[in-house]
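Working notes, beginning with the structure itself.
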Ligand code: F6R
């Protein structure tokens with residue numbers, strides 16, 4: 001069983017090492033929250049290993065139900081490590097995977113058969129013939145029979161001892177999409193549009209993403225003797241809350257797990273962030289009222305009641321589980337004014353510090369008046385999308401601004417866009433008789449390979465080069481637009497990103513070294529980095545890890561004593577209002593200017609390769625998010641701005 005020793009410390013201030021207990025009043029599924037996916041995955045892998053060994057001791061096979069997707073990857077990696085380093089054997093393991101796209105060739109890049117072999121089967125001693133993945137090549141008229149046999153085979157093996165699950169953003173388990181019945185069995189399903197959108201990145205666009213999949217049913221999953229569901233990242237937070245605290249409903253198929261007698265959800269802090277015990281812990285238990293908790297509770301109270309902070313009354317505090325806080329202060333007025341002032345002090349039009357001003361209550365130092373600022377942008381457009389207003393202000397206010405573009409962003413360029421550019425160069429060279437054999441070869445190869453590319457193939461090195469060049473040109477164009485010299489745009493092309501597919505390599509030593517070198521070269525007073533936690537496996541998180549590791553290694557250097565690190569959020573979400581430490585307002589004109597800056601990224605407009613589940617264009621997401629932040633400040637009783645960009649300081 002999972003030990004609780006590595007579970008996250010309580011959000012409500014219990015002592016270190018003590019696990020977060022389920023809030024029985026709200027949570028209907030046992031849920032363990034870990035600080036991160038790695039610690040959580042270790043615990044799950046340990047449970048699986050214990051089960052395999054127990055069955056070995058009994059001389060029995062261990063029947064595992066397995067899942068694909070990004071969530072179980074860290075569990076499989078840990079199982080492979082245990083096999084290599086601790087002699088964990090899989091010879092008694094028989095496995096059945098939940099699902100497979102349909103139709104799907106097993107050797108296709110996106111097949112779940114291939115995924116399982118690459119992540120687990122090829123690295124352990126499981127016997128061939130003992131692992132099963134639904135067959136995506138079965139003839140349409142044979143699918144129903146295949147599904148019956150799949151279920152029968154599981155039953156003949158004695159049923160599943162353990163079922164591992166991920167969860168879709170819409171609550172699907174396996175590919176049991178919303179609407180699936182609790183008594184459903186293995187069958188062919190139509191995929192939900194949101195599922196296809198989420199998978200479209202793997203397939204090079206929505207149009208190429210399969211519409212169907214074979215999946216084990218809800219009843220098949222519920223028949224397992226033990227079920228463990230994994231969820232990482234804040235994108236999963238709302239659906240986890242629904243499954244754990246909501247009513248059982250076919251609209252959120254994971255909620256069916258409330259009816260299972262031996263289920264556990266293992267999730268990270270970000271995926272837990274919408275659970276009542278994390279979001280409003282004072283409604284669940286007594287809490288330690290430190291400043292962060294007070295700010296969180298007061299802003300929450302103000303926004304929930306629709307009353308500005310300065311209008312909250314004693315009664316509001318008493319009626320909403322905060323009477324102990326009120327008792328600590330004596331009267332609501334004192335709490336209100338304290339929090340109002342703190343919020344007020346986060347707002348500044350001078351993100352690089354205001355020269356000749358008292359900076360006691362300002363987010364940034366006044367001195368040095370002219371700062372060197374280094375903006376890290378994971379993709380070539382994150383700088384302008386997520387902090388374009390602040391970028392512009394830093395330049396306008398005379399700071400020396402550099403941008404470190406961390407990855408080439410090449411996989412997000414559509415093939416036809418790349419052909420257009422490759423043809424342009426080839427035609428140009430032909431017309432002028434330019435005979436640079438290397439240049440002509442690269443672009444000719446790229447154009448030819450794109451014309452013949454099959455959906456399942458990844459980009460060649462030449463194609464990646466052309467696509468990277470397109471994005472580099474767009475980033476330079478934004479830099480010119482904002483007003484920094486092109487020499488201040490540094491293209492780092494971090495190697496972890498250069499796989500040619502959505503799946504990236506883990507952060508490597510070379511990645512960290514590249515980031516360190518740029519920091520040492522610029523010696524910045526300010527570093528801005530994307531603190532995007534929505535997707536723990538995503539590019540933004542790896543890029544952030546690289547910056548943090550580089551800063552940790554450099555922090556003993558003299559110049560780092562003057563360096564402050566500010567984190568902006570990615571295109572997905574904004575910091576919670578109580579976390580924001582610097583809020584940079586924008587006028588309507590500044591919002592419009594930022595929009596034009598985003599427009600420089602033409603390859604990312606008008607239907608992008610990795611649209612995901614959000615159909616808005618990037619400039620729309622950015623504007624709506626920045627307006628929403630301004631709206632929150634206003635609802636809390638502060639001045640009304642058109643839009644606000646928000647930052648949190650990382651004190652290394
Ligand atoms: C995969 C599967 C799906 C995924 C779910 C979450 O075999 O059945 O239900 O578990 O879509 O995917 P990730 O983990 O990629 O977020």
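The values are calculated or read from the model by the stated rules, or taken from the named source; none is laboratory data. These numbers come from a predicted model, not from an experiment. Don't worry about glycine lacking a Cβ; one is built from the backbone with ideal geometry, like all the others, and counts go over all protein chains shown.
For residue 454, all conditions in the list (1) in contact (Cβ under 8 Å) with a residue 12 or more places away in the chain; (2) under 32 Å from the mean Cα position of the chain (by Cα); (3) in a loop (DSSP other than H, G, I, E, B) hold save one; what is the number of the exception?
(1)
Mind telling me which of the residues 217, 233, 246 ends up being modelled with pLDDT under 95 and in the same structural domain as residue 75 (by TED's automatic domain parsing)?
Answer to the check: 233.
What is the one condition in (1) closer than 30 Å to residue 634 by Cβ; (2) in contact with a strand residue (DSSP E or B) (Cβ under 9 Å, 6 or more places away or on another chain); (3) assigned to a helix (DSSP H, G or I); (4) within 16 Å of the ligand (Cβ to nearest atom) that residue 278 does not satisfy?
(4)
Given 71, 41, which one is buried (at least 18 other Cβ atoms within 10 Å of the Cβ), outside any loop (DSSP other than H, G, I, E, B), touching a residue at least 24 places away in the same chain (Cβ under 8 Å) and within 13 Å of the ligand (Cβ to nearest atom)?
Within the list 71, 41, the selection yields 41.
Checking the conditions here, which among 63, 29 is under 30 Å from residue 284 (Cα atoms), crowded, with 17+ Cβ neighbours inside 10 Å, more than 16 Å from the ligand (Cβ to nearest atom) and at pLDDT 95 or above?
Every option except 29 fails the conditions.
Output the number of the condition that residue 529 fails; it satisfies all remaining conditions of (1) part of a helix (DSSP H, G or I); (2) within 15 Å of residue 406 (Cβ to Cβ); (3) touching a strand residue (DSSP E or B) at 6+ places or on another chain (Cβ under 9 Å).
(1)
Determine, yes or no, whether residue 96 is touching a residue at least 60 places away in the same chain (Cβ under 8 Å) and within 12 Å of the ligand (Cβ to nearest atom).
For residue 96, the condition - touching a residue at least 60 places away in the same chain (Cβ under 8 Å) and within 12 Å of the ligand (Cβ to nearest atom) - is met.
How many residues are free of Cβ contacts under 8 Å to residues at least 40 places away in the same chain and away from the ligand (no atom under 12 Å from the Cβ) when one looks only at segment 169-194?
Number satisfying all stated conditions: 5.
Given the options 149, 163, name the one that is under 30 Å from residue 60 (Cα atoms), in the same structural domain as residue 237 (by TED's automatic domain parsing) and crowded, with 17+ Cβ neighbours inside 10 Å.
Going through 149, 163 in turn, the sole match is 163.
Listed here are the residues, each with its yes/no results for (1) surrounded by fewer than 23 Cβ atoms within 10 Å (Cβ to Cβ); (2) outside the structural domain of residue 187 (by TED's automatic domain parsing); (3) part of a helix (DSSP H, G or I); (4) modelled with pLDDT under 95.
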{"site": "11", "(1), (2), (3), (4)": "yes, yes, no, yes"}
{"site": "23", "(1), (2), (3), (4)": "yes, yes, no, yes"}
{"site": "59", "(1), (2), (3), (4)": "yes, no, no, no"}
{"site": "75", "(1), (2), (3), (4)": "no, no, yes, no"}
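Could you pull out the residue among 549, 487, 510 that is in a helix (DSSP H, G or I), in contact (Cβ under 8 Å) with a residue 12 or more places away in the chain, on the phi < 0 side of the Ramachandran plot and surrounded by fewer than 15 Cβ atoms within 10 Å (Cβ to Cβ)?
After applying the criteria, what remains is 510.
For residues that are outside any loop (DSSP other than H, G, I, E, B) and within 15 Å of the ligand (Cβ to nearest atom), scanning just segment 128-146, find the one that is nearest to residue 214 (Cα to Cα).
Only one residue fits best here, namely 132.
Evaluate segment 391-399: report whether one residue or more is under 26 Å from the mean Cα position of the chain (by Cα) and assigned by TED's automatic domain parsing to the domain that holds residue 497.
yes
Which residue is surrounded by the fewest Cβ atoms within 10 Å (Cβ to Cβ), if the candidates are limited to segment 195-219 and must be within 13 Å of the ligand (Cβ to nearest atom) and under 20 Å from the mean Cα position of the chain (by Cα)?
202
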